[in-house]
């Protein structure tokens with residue numbers, strides 16, 4: 001016997017329709033490349049998105065065709081989020097921090113037909129455009145007054161001109177909720193990036209999960225500022241969640257320095273933000289240097305890479321901002337776990353709570369996970385036994401775009417490439433990436449824990465731990481450290497800092513000080529480059 005309920009497809013356009021009908025006066029605030037602070041309501045956002053859907057139709061964009069974007073977090077990018085997917089095409093967010101050759105490869109692999117881009121990226125697009133023969137039109141995301149006098153891109157279109165020529169009357173089509181909605185590529189640290197093709201259904205379900213109380217806990221009373229880029233896994237779903245719950249959105253545009261972010265937090269009374277640890281380093285440095293406080297921010301979501309416990313303590317103990325430690329992947333749309341404490345854990349002392357919050361969190365509804373040993377058998381959730389982390393769920397990929405890499409699943413589970421442990425309360429902790437783990441004398445050493453200890457030293461700005469060759473032990477830990485400006489720190493002083501904090505044999509064999517640690521396009525440390533830089537490093541213990 002089947003249920004007798006309405007069959008309403010889960011479509012991204014329904015989020016925008018809801019926001020317009022029930023939260024029409026709520027604001028979207030954007031710092032734009034042009035230098036101004038732009039404000040519009042959800043009602044205006046919806047009308048402009050409908051105009052853009054008509055404009056895309058006029059440009060000949062067909063169902064399923066990919067529309068690329070090279071843009072910062074802003075209202076025009078938000079309009080494209082809804083217009084492109086809502087009309088039945090596929091939004092492909094390109095990462096402007098990638099090398100031009102890799103950018104061209106991705107756009108060609110995705111077969112982008114139209115590319116929208118912000119003023120900032122005009123030189124980049126001019127360089128890449130000759131290598132994108134399949135792109136029919138390039139659209140500069142600005143108004144007529146800011147269009148360049150000349151460009152090497154023939155027939156360059158103006159975003160606002162397209163909107164002005166289009167009607168705001170557009171009926172969002174109804175179609176199968178399993179139709180593709182957006183396309184995001186992995187960072188591709190080894191080999192070419194691979195595409196994760198999301199559906200309307202997976203995106204809407206992910207949006208529900210993002211907003212849950214034991215997830216990011218979003219509501220219409222929140223003011224959300226996504227620092228995580230809209231070109232990186234759909235800004236962790238926040239542009240969709242804001243429309244679902246009716247929260248005010250604040251977009252920082254290209255201004256991601258500590259001073260600019262802090263001023264926007266305070267002037268717009270931001271309550272929740274999200275980003276990677278490297279961004280928060282700059283914000284905290286500005287706040288500390290100027291003896292400032294946060295007037296409205298209550299919580300921040302930190303993911304992308306492990307949040308150093310020292311950073312978490314600073315946010316929570318010094319500034320009263322709760323840190324929601326989260327974990328996810330491009331292949332997971334991206335959210336998998338969030339570190340929200342359970343009721344009985346709230347009554348623990350501060351040190352015990354911090355130990356739990358330092359983990360990557362517990363699975364949100366929709367994500368099932370397990371850890372397995374080398375034999376593929378599931379391991380115990382005892383908080384001690386580590387193994388390869390596997391996940392499954394309605395917003396986890398089944399295969400990569402165009403079938404790249406073959407079938408990635410193992411008996412219906414997606415292997416994340418992370419080494420993790422899970423405790424009895426279901427809190428998962430990443431101990432390493434499988435490709436980063438250090439195998440010394442047949443035993444594993446987790447690089448993340450060694451990095452976190454180094455980051456707790458007051459003289460350390462950033463630290464990465466990699467494996468260095470050793471004639472006896474095969475591999476031993478090598479610590480690559482960037483000192484804080486003006487700070488003094490020696491190899492011996494830092495190694496002494498590890499005493500009593502870990503097993504003695506885990507202590508790094510050497511420390512190398514560098515002026516900068518290479519970061520990838522999403523703000524993660526590029527350990528593959530460090531391994532290449534120090535592949536011939538001779539350890540003093542060798």
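Could the peptides 500-506, 381-387 be put in order, highest first, of the mean number of other beta-carbon atoms found within 10 Å of their residues?
Top to bottom by mean Cβ count within 10 Å: 381-387, 500-506.
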Study note, to complete from the structure: The helix 12-22 Cα axis meets the longest alpha-carbon principal axis of the chain at an angle in degrees, between 0 and 90 and rounded to 10, of 70
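So for each of 467-473, 348-354 I average, over its residues, the number of other beta carbons within 10 Å; can you give me the resulting order with the highest mean first? Walk me through the numbers on the way to the answer.
Numbers: 467-473: 16.3, 348-354: 11.3.
Highest-to-lowest ranking by the protection proxy: 467-473, 348-354.
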Check your understanding: Gap in Å between the Cα centre of the stretch 390-417 and the Cα centre of the stretch 242-308?
Key -> 33
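As an exercise, use a Förster radius of 56 Å and the Cβ-Cβ distance of residue 351 and residue 154 to find the FRET efficiency, rounded to the nearest 0.05.
Values: r = 63 Å, r/R0 = 1.13.
FRET efficiency, residue 351 to residue 154: 0.35.
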Exercise for review: For the stretch 1-132, state what percent of all Cα-Cα pairs lands in each successive 10 Å bin, counting from 0 Å until the bin that includes the largest distance.
Suggested key: 12, 36, 33, 14, 4, 1, 0
Study note, to complete from the structure: Rounded to the nearest 10, the angle in degrees between the Cα long axis of helix 100-110 and the longest principal axis of the Cα atoms of the chain comes to 60
Revision key, fill the gap. Among [x] 1.05; [y] 1.35; [z] 0.98, the value of Cα Rg over 2.2 N^0.38 Å computed for this structure carries the label [z]
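Tally the DSSP beta bridges in the stretch 9-215 and give the antiparallel ones as a percent, rounded to 5. If you can, show how the numbers build up before the last one.
On the way: 10 of 27 bridges.
Around 35 percent antiparallel, to the nearest 5.
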Point to revise | Relative packing of 91-103, 269-281, which averages over residues the other C-beta atoms within 10 Å, highest first | key: 269-281, 91-103
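Using DSSP, restrict attention to beta bridges with both residues in the chain and report what percent are antiparallel, rounded to the nearest 5. Kindly include the intermediate steps, with their values, before the conclusion.
Values: 48 of 85 bridges.
Percent antiparallel among DSSP bridges in the chain is about 55.
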Review point. How far is helix 258-267 tilted, in degrees, relative to the longest principal axis of the Cα atoms in the chain, given as a value from 0 to 90 rounded to the nearest 10?
Key: 60
Revision key, fill the gap. For the stretch 436-533 (alpha-carbon point model, no solvent) the Debye-based log₁₀ I(q)/I(0) at q = 0.18, 0.20 Å⁻¹ works out to -0.81, -1.00
Exercise for review: Obtain the nm distance between the two label points defined at residue 39 and residue 423 by a simple spin-label model: each point lies 7 Å from its Cα along the Cα-to-C-beta direction.
Suggested key: 4.5
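Read the figures in this text as sums done on the coordinates, not as results from a lab. Just so we're clear, the structure is a prediction, and the values are computed from it rather than from any experiment. Neighbour counts are summed over all protein chains in view; Cβ atoms, including those assigned to glycine, are modelled from backbone coordinates with ideal geometry.
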